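Chemist: Can you keep this structure in mind? I'll have questions shortly.
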Amino acid sequence: MDIDIQITESSSSKCLRTELEDMFEKSTWIRLPRNVVVGHGVLDQTADVVSGSHLTGQPLVVTSPTPKEVAGDRVVEQLSSIGPRPEVVVVEKATFGAVEKVLARAEEIQPSYLVGVGGGKAIDIAKMAAADRELGFVSVPTAASHDGIVSGRGSVPEGDTRHSVAADPPLAVIADTEILAEAPWRLTTAGCADIISNYTAVRDWKLANRLKNVQYSEYAGALAQMTAEMLVERSDSIKKGLEESSWIVVKALVSSGVAMSIAGSSRPASGAEHLFSHQLDRLAPDGALHGHQVGVGSIIMAYLQGGDRENWRNVRNALESIGAPTTADELGIDDQTVLEALTSAHEIRDRYTILGDGISKDAAREAAAVTGVI
Ligand SMILES: [Zn+2]
């Protein structure tokens with residue numbers, strides 16, 4: 001008996017020492033946006049928010065044609081009241097060429113900070129240029145279409161590859177729900193679908209933790225999953241023409257962004273469904289919106305992840321309830337392309353997911369057919 005106790009004690013103290021040693025060796029750096037302002041008409045507070053973020057000097061505003069009219073010009077007026085008049089670059093598409101265009105302009109004018117005004121494209125480009133020049137940036141979304149509006153993560157396609165950035169999140173986010181509510185409705189449903197995809201992303205993350213010892217954060221995983229659950233619970237209030245919809249979606253996008261900040265990776269919000277979507281971007285460059293593609297991917301991945309047989313139906317029902325696409329047809333992408341993306345998505349990046357080192361064509365067809373995607 002005595003001996004037993006001694007053994008227990010010595011093994012537990014050894015365990016404690018290892019844990020302590022681990023604790024002294026590890027560190028984590030959580031980078032969060034400093035100011036997030038959401039509400040009706042908050043665009044008029046741009047000057048205050050920027051001053052409150054201690055940003056001074058020459059701004060460079062990156063925007064696209066429609067967002068410029070909707071919000072960009074007002075942002076320029078606001079910023080002109082607190083400092084030098086901003087320089088403006090208008091970009092048409094999210095390409096690496098557009099990033100280079102912004103960088104060339106930045107080289108000329110040596111801005112102090114960047115501002116992205118747009119539905120995602122302009123923000124991604126501003127973010128990448130800001131990371132390259134090691135400058136802060138402000139995100140002014142004109143549509144709640146994906147979680148890139150509040151995170152430091154983004155990527156733009158270039159031919160067969162993608163340029164990715166994992167930089168600091170925006171110093172400030174100014175999300176005016178009056179403007180977001182005016183955005184085309186499909187952009188809002190895409191934002192919702194991007195959040196719903198957290199379900200499969202978190203499950204993939206746990207899987208990678210079990211099989212590949214990828215670091216998993218309970219807090220980040222729980223937050224990402226809860227964000228998806230809360231959005232689905234409130235799906236009755238997500239309706240075209242309701243400004244409240246923009247509130248719900250943008251706050252969920254912020255919450256997802258915070259989960260990524262806590263994790264220090266996009267894992268909480270990006271699993272196999274995102275690999276699938278990136279692969280679709282390559283195979284069908286003029287396919288569908290990012291959020292819509294990951295939503296459909298999420299139905300298939302939930303099926304592949306197995307477990308509760310209802311999982312994939314829940315994802316599909318959630319997408320259906322907010323009016324997001326649930327089939328290849330609705331995405332405007334043909335069945336063959338969907339199957340090709342499913343069997344090759346694992347090659348995109350070194351991120352372990354339910355796709356493992358690839359699934360067979362038969363398995364892909366089965367999964368897509370059972371779930372009604374093709
Ligand atoms: Zn996404």
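Chemist: Identify, from the list 126, 106, the residue that is surrounded by fewer than 24 Cβ atoms within 10 Å (Cβ to Cβ) and of a type in the set (Gly, Ala, Ser).
Modeler: Matching residue, one of 126, 106: 106.
Chemist: Would it be correct to say that residue 202 is within 14 Å of the chain's Cα centre (by Cα), within 16 Å of the ligand (Cβ to nearest atom) and assigned to a helix (DSSP H, G or I)?
Modeler: So residue 202 fits the description; yes.
Chemist: Report the residue count in the range 247-272 for those that are part of a loop (DSSP other than H, G, I, E, B), more than 10 Å from the ligand (Cβ to nearest atom) and polar (S, T, N, Q).
Modeler: Final tally of qualifying residues: 1.
Chemist: Still on this structure, please answer the following. Test residue 275 against the criterion of being within 14 Å of the ligand (Cβ to nearest atom) and either assigned to a loop (DSSP other than H, G, I, E, B) or within 18 Å of the chain's Cα centre (by Cα) (or both), and give yes or no.
Modeler: Spelling it out, residue 275 is indeed within 14 Å of the ligand (Cβ to nearest atom) and either assigned to a loop (DSSP other than H, G, I, E, B) or within 18 Å of the chain's Cα centre (by Cα) (or both).
Chemist: Out of all the residues in the range 147-163, which are within 16 Å of the ligand (Cβ to nearest atom), outside any strand (DSSP E or B) and not aliphatic (A, V, I, L, M)?
Modeler: 147, 148, 151, 152
Chemist: To continue, here is another question. When the residues of the range 280-291 are narrowed to those that are within 14 Å of the ligand (Cβ to nearest atom), assigned to a helix (DSSP H, G or I) and more than 13 Å from the chain's Cα centre (by Cα), which ends up surrounded by the most Cβ atoms within 10 Å (Cβ to Cβ)?
Modeler: It comes out as 280.
Chemist: Residues 175, 166, 183: which one is surrounded by fewer than 24 Cβ atoms within 10 Å (Cβ to Cβ), away from the ligand (no atom under 16 Å from the Cβ) and not hydroxyl-bearing (Ser, Thr, Tyr)?
Modeler: 183
Chemist: Okay, moving on. Please tell me if residue 297 is within 11 Å of the ligand (Cβ to nearest atom) and either under 24 Å from residue 207 (Cα atoms) or acidic (Asp, Glu) (or both).
Modeler: Yes.
Chemist: Shifting gears a bit: Among the residues of the range 300-356, which ones are among the hydrophobic types (A, V, I, L, M, F, W, C), in contact (Cβ under 8 Å) with a residue 60 or more places away in the chain and not in a loop (DSSP other than H, G, I, E, B)?
Modeler: 300, 301, 302, 304, 315, 318, 319, 322, 341, 342, 345
Condition check ((1) in a helix (DSSP H, G or I); (2) among the polar types (S, T, N, Q); (3) more than 14 Å from the ligand (Cβ to nearest atom)) across all residues:
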residue: 105; (1), (2), (3): yes, no, yes
residue: 117; (1), (2), (3): no, no, yes
residue: 124; (1), (2), (3): yes, no, no
residue: 128; (1), (2), (3): yes, no, yes
residue: 131; (1), (2), (3): yes, no, yes
residue: 137; (1), (2), (3): no, no, yes
residue: 145; (1), (2), (3): no, yes, no
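Chemist: Same structure again: Taking the criterion of being exposed (fewer than 15 other Cβ atoms within 10 Å of the Cβ), more than 16 Å from the ligand (Cβ to nearest atom) and either among the polar types (S, T, N, Q) or modelled with pLDDT under 95 (or both), would at least one residue in the range 327-334 satisfy it?
Modeler: Within the range 327-334 (the criterion being exposed (fewer than 15 other Cβ atoms within 10 Å of the Cβ), more than 16 Å from the ligand (Cβ to nearest atom) and either among the polar types (S, T, N, Q) or modelled with pLDDT under 95 (or both)), the answer is no, since none of the residues qualifies.
Chemist: Just to be sure I understand, how many residues within the range 37-67 are over 17 Å from residue 127 (Cα atoms) and not in a strand (DSSP E or B)?
Modeler: 17
Chemist: State yes or no: is residue 296 among the aliphatic types (A, V, I, L, M), touching a residue at least 24 places away in the same chain (Cβ under 8 Å) and over 30 Å from residue 30 (Cβ atoms)?
Modeler: Yes, satisfied.
Chemist: Given (1) of a type in the set (Asp, Glu); (2) more than 13 Å from the ligand (Cβ to nearest atom); (3) within 18 Å of residue 296 (Cα to Cα), where does residue 218 come up short, assuming only one miss?
Modeler: Answer for residue 218: the failing condition is (3).
The values are calculated or read from the model by the stated rules, or taken from the named source; none is laboratory data. Small disclaimer: the values here were computed from a predicted structure and weren't measured. Heads up, the Cβs are rebuilt from the backbone with ideal geometry, glycines too, and the neighbour counts pull from every protein chain shown.
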